[in-house]
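Some notes on the structure that comes next.
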Amino acid sequence: MNNTSPTSLLDEALQRHLAGMDPDAALALRETLCAVARACVRISDVASLGVLADAHGLAGASHVHGEEQKRLDLIADDLMAASLEGCRHVAAWASEEHEQPHVSHAHGAQGSHLVVFDPLDGSSNIEANISIGTIFSVLPHRYRGMAPGAADFMQPGHQQIAAGYVLYGPATLMVLTCRRGVLVFGLDRRGDAPQWVLTYDNVRIAEHTREFAINASNQRFWEKPIQRYVAECVAGDSGPRMKDFNMRWVASMVAEVHRIMTRGGVFLYPRDTREPRKPGRLRLMVEAAPMALLVEQAGGRATNGTSELLDLVPDTLHQRVPVILGSKDEIDRIVSYHADPSENVSWQLFKTRSLFVQPQA
Ligand code: AHG
Ligand code: MN
Ligand code: MN
C-alpha cells in the first residue's frame with residue numbers, strides 16, 4: 001500500500017494490533033478491513049456532500065423488510081460491494097439492502113471471509129443532517145473451496161472475527177474490534193489524501209450510568225420488564241432507583257452505541273407487540289450481532305432480555321431481534337427483570353404510584 005492510500009496508517013496499526021495472530025489470517029483480516037474502510041471513506045464523501053451529490057431522497061424501491069430505500073442506502077451499498085469485490089479474501093457478502101447474499105465473482109471459492117453489513121444505518125436522519133453510519137461484521141467462510149450460500153452465513157455472533165461501525169457525524173470515525181479490545185480511528189482529511197488514524201486503543205464502557213435511549217413512542221407496546229425498567233428510570237430520585245436519569249434518542253443505532261462507548265448508557269429496542277410476527281425492529285446479523293461484539297469487547301453487555309445476543313444462531317439473513325445493550329450493571333438489572341416473574345408483579349404495584357398515575361392530591 002502506498003502513502004496516498006487512505007488505509008496505509010490503518011494497516012500499520014492493525015499489523016501491530018494483530019501481532020501474534022497466524023500471519024496468513026492476520027494479513028487476510030487486514031486486507032478485508034482495509035477494503036471496508038476504503039468504501040467507508042467514499043460513503044463519507046458522498047454523505048458529507050448530501051444533496052450536492054444528489055444523495056438525498058427516496059430511491060423509489062423497497063428492500064426485503066418492506067422499508068423504502070433512500071438514495072444514500074443504495075449508493076453506500078454499491079460502494080461497499082465494489083470494494084469487497086476487489087478484495088481477494090472476501091468470498092461473499094450480505095447486505096441489509098438485498099434478500100440474498102452476493103458471491104464474489106473472482107474470490108467466491110478461495111476467500112476466507114464472509115462480510116455482513118448495514119451500508120447506511122439511521123436512514124431516516126439523512127436529509128436532516130443528523131449522524132448516520134455503516135455497520136459491518138466479518139465471519140469465517142468455513143468451507144473453503146466452495147462458493148458460500150446463505151446457509152454459510154447462519155453463524156452466531158460469537159463466531160465473528162471482527163466487527164465495527166463507521167460514524168458519519170461531525171467527525172467520521174471507525175470503531176473496530178478484532179476480538180482484542182476496541183479501537184477507534186478518526187478520518188483525518190487534512191493531508192492530500194484522507195487517512196484513518198488510530199485515536200484510542202482500549203475503549204471501555206462505563207459500568208454505571210444514568211442515561212438510557214429508547215423510542216418512547218412505542219411505550220404502550222412494550223413488555224412488562226421494559227415498562228418497569230423505564231418507569232423506574234423516569235421516576236428518578238423519587239422512585240426506587242433513588243437517582244435521576246437522562247434520556248436520549250437519535251434514531252441512528254451507530255450514534256447511540258458511540259455515545260455509550262464514550263460515556264456509558266443503555267440502548268433498548270425491545271420486543272414490542274406492534275407486529276407480533278416481528279420480534280423486534282433491529283436486524284440480528286447486520287445490526288445486533290456486530291454491535292454486541294463491540295459492546296462486549298468494551299466491557300459492556302448485549303442481550304435480547306433472556307439470551308446473550310452473541311449466542312443467537314440466525315434462522316435467516318434478515319432475522320429481527322430485540323436489542324438491549326450498554327453499561328453492564330444496567331443490562332444485568334434488565335436481564336433480572338426478564339428472569340423473575342415476581343418482578344412484573346412489583347412493576348404493577350409500582351405503576352399505581354408512579355409517574356403514570358399521579359397520586360391524588
Ligand atoms: P436503518 O436506517 O438501517 O433502517 O436502521 C435504523 C434503525 C436504527 O439505526 C435505529 O436505532 C432505529 O432503526 C430507529 O428506529 P425508529 O424509527 O423506531 O426510531
Ligand atoms: Mn440500521
Ligand atoms: Mn440501513
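Computed from the coordinates by the stated procedures, all read-outs in this text should not be read as laboratory data. Owing to the predicted nature of the structure, the values given are computational and were not obtained by experimental measurement. Glycine gets a Cβ as well: all are built from the backbone with ideal geometry, and neighbour counts include every protein chain shown.
Computed quantities for the displayed model
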quantity	calculated
Cα-derived Rg to Rh of the chain, Kirkwood definition	0.99
Peptide ranges 309-321, 58-70, 176-188 listed from the most packed, as the mean C-beta count within 10 angstrom indicates	176-188, 309-321, 58-70
Mean Cβ neighbour count within 10 Å, used as a protection proxy, ranking 10-18, 266-274 highest first	266-274, 10-18
Burial ordering of R241, R301, R281, fewest other beta-carbon atoms within 10 Å first	R241, R281, R301
DSSP-defined antiparallel bridges as percent of all bridges, the stretch 111-258, nearest 5	90
Shape call, the stretch 175-314: gyration tensor on alpha carbons, a/c limit 1.5	prolate
Virtual paramagnetic centre 7 Å along Cα→Cβ of E67, amide N under 15 Å, in the stretch 210-244	215
Folded to 0 to 90 degrees: helix 328-339 orientation relative to the chain principal axis, Cα	60
Shape call, the stretch 102-185: gyration tensor on alpha carbons, a/c limit 1.5	prolate
Span from the the stretch 244-292 Cα centroid across to the the stretch 59-114 one, whole angstrom	23
The stretch 27-96 shape via C-alpha gyration tensor axes, a/c threshold 1.5	oblate
For the chain, calculated [θ]222 nm from helices alone, where every DSSP H run of n ≥ 4 adds -39500 (n - 2.57)	-9500 deg cm²/dmol
Too-long pairs where the Cα-Cα distance tops 26 Å, listed order kept, from K243/K328; K243/K278; K70/K328	K243/K278; K70/K328
Angle in degrees between helix 23-49 and the longest Cα principal axis of the chain, rounded to the nearest 10	70
Separation of the A193 and D237 label points, Cα + 7 Å toward Cβ, nm	5.5
